[in-house]
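Since every read-out is calculated from the coordinates, none of them should be taken as a lab result. What you see is a predicted model, and the numbers here were worked out from it, not measured in a lab. Glycine gets a Cβ as well: all are built from the backbone with ideal geometry, and neighbour counts include every protein chain shown.
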């Protein structure tokens, strides 16, 4: 009988796969930002981020009191509305 758990265990990742995952992780950290980092990214004050958020110009998610802005999608939204 075959080992049933072997089918569910991932193969050992190669060094290259590990490096790709690390790169993807750093890209995710750069993509999602809090209000302070978003303000720095757009070179505006935090109050402007609050205003853009209220106007629906920024793409974000909220879990509890934690808000993270999707900088890639927000760039596209702000360009579409002529804000940047």
Legend entry - Residues 31, 47 arranged by fewest to most Cβ contacts within 10 Å: 47, 31
Legend entry - For 78, 55, order by how many other beta-carbon atoms lie within 10 Å, fewest first: 55, 78
Legend entry - Theoretical gain in end-to-end length, residue 37 to residue 57 [0.36 nm per residue, Cα-Cα removed]: 5.6 nm
Inset, instruction - Kindly put 49, 63, 84 in sequence by how many other C-beta atoms sit within 10 Å of each C-beta, fewest to most. - result: 63, 84, 49
